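Below: the structure, in structure tokens.
Please treat every number below as a calculation from the coordinates, not as lab data. This is a predicted model, so every value here is computed, not measured. Note that each Cβ is placed from the backbone with ideal geometry, even for glycine, and that neighbours are counted across all protein chains shown.
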Amino acid sequence: MKISVVITLKKDVLDPQGKVIHQTLDGMGFNDVNEVRQGKYFEIDTKEDNPKKAKNKVEEMCKKLLANLVIENYKIVDLK
Amino acid sequence: MKSSVITFPGSNCDRDMDVALKKFGFKNKMVWHDDTELPTSDLIVLPGGFSYGDYLRCGSMASKSKIMKSVINFANSGGMVMGICNGFQILVETGLVPGVLLRNKYLEFICKNIFVKINNKTNNYFNNIKNDVLEFHIAHNEGNYFCTKDQLKEIEDNEQVAINYCDENGKIEEQFNPNGSIKNIAGIFNKEKNVLGMMPHPERMIDNCLSGEDGSIFFNNLINNLK
């Protein structure tokens, strides 16, 4: 199975990179942007073919390594 | 007194720390990250650098390396563990000390001398030290200390803040905060105060030929506290 995960910074965590990207977009003429938040995207190809088990495993990976839950949230966005 | 410095792939302050520890009387051993057992030690140091190329999050990969299981057990049984710079980032990723270290507020790599005020001397790291303010060196891209409001309350209630960025007179103000850290925090302890994580590098201030001697004050005091 292939599982896709998106990791984003929590709302109250400052994202200086997102801010700079926002400013740059603004300078390029994209003036209608309210905010930019930068995140991470992972594609995990696993031998597990039971969707529920695969999802649980990936959630465990997120909690233990892929995300730091003090500052980040994770979301499984695709499973196939 | 015996110490061990852990070398991870990408550590680059491990030898500096070895030189510093030996200069002040520690019998130091270097330990490779892939080892599983620690030599008998009174102090374990996680050095600065860029372990695992800072992949994923600074310190995240190193915190899962083989030797860290022994380091975590050593810390949980009361052993002294000190993480400097990348070592601090590794400590937060293990959960031995609370919080995280984010990208510096202004996105710059900062490399300069700074002053820190010692906030708590009731521990083996700073007990008996005469100075209240020390001049250390920082060199980092991710030193912006962050924690949740609940964590901050707990840290302050337990007096876990070790050092804060300040001016040469010990004044702690936002203008002396180099990287955006909450409350100018430069270093924190675990609850029991046997684990210390800090961004500044005392090992870079052990000789006037380098950039100062305040690291010597720190290491001299540390070894005397451990004797």
Check: What is the sum of charges around B:Gly79, taking Lys and Arg as +1, Asp and Glu as -1, for the other residues whose C-beta is under 13 Å from the C-beta of B:Gly79?
Finding: 0
Note to self: Quick check: net charge around B:Glu93, other residues with Cβ under 10 Å of its Cβ, Lys/Arg +1 and Asp/Glu -1?
What the structure shows: +2
Check: Rounded to two decimals, what ratio of Rg to Rh does the protein assembly as shown give with C-alpha atoms and a Kirkwood Rh?
Finding: 1.00
Next item on the list: Report Rg (one decimal) and Dmax (nearest whole number) for the stretch B:147-212, counting Cα atoms only, units Å.
Entry: 13.5, 44
Next item on the list: Provide the three semi-axes, in whole Å and in decreasing order, of the ellipsoid equivalent to the stretch B:116-227 as defined by the square roots of 5 times the Cα gyration tensor eigenvalues.
Entry: 22, 18, 12
Note to self: Quick check on the stretch B:2-226: what are the equivalent-ellipsoid semi-axes from the Cα gyration tensor, as sqrt(5λ), descending, whole Å?
What the structure shows: 23, 20, 17
Next item on the list: Ignore the peptide's own chain and count Cβ atoms of other chains within 10 Å of each Cβ in A:61-74; give me the average, rounded.
Entry: 3
Check: Taking θ as phi - 60°, what are the ³J(HN,Hα) couplings along the stretch B:176-187 by the Karplus curve (6.51, -1.76, 1.60), each to the nearest whole Hz, with x for Gly and Pro?
Finding: 9, 8, x, 9, x, 4, 4, 6, 6, 5, 10, x
Item checked: For chain A, calculated [θ]222 nm from helices alone, where every DSSP H run of n ≥ 4 adds -39500 (n - 2.57) -> -9000 deg cm²/dmol
Margin query: With viscosity set to 1.567 mPa s at 4 °C, what whole-number translational diffusion coefficient in µm²/s follows for the stretch A:2-79 from Stokes-Einstein and a Kirkwood radius over Cα pairs?
Written below: 92
Next item on the list: Considering only B:Cys147, B:Cys166, B:Cys58, give the residue with the highest GNM mean-square fluctuation for chain B, with springs between Cα atoms whenever their separation is below 10 Å.
Entry: B:Cys147
Item checked: Environment charge at B:Val116 (Cβ cut-off 11 Å; Lys +1, Arg +1, Asp -1, Glu -1) -> -4
Next item on the list: Quick one: what are the phi-derived ³J(HN,Hα) couplings along the stretch B:133-146, Karplus 6.51/-1.76/1.60 with θ = phi - 60°, whole Hz, x for glycine and proline?
Entry: 10, 10, 9, 10, 10, 10, 8, 7, 10, 10, x, 7, 5, 9
Item checked: Value at 222 nm in deg cm²/dmol, rounded to 500, when DSSP H runs of n ≥ 4 in chain B each add -39,500 (n - 2.57) -> -7000 deg cm²/dmol
Note to self: Report the Cα centroid-to-centroid distance between the stretch B:184-208 and the stretch A:13-80 in angstrom, as an integer.
What the structure shows: 32
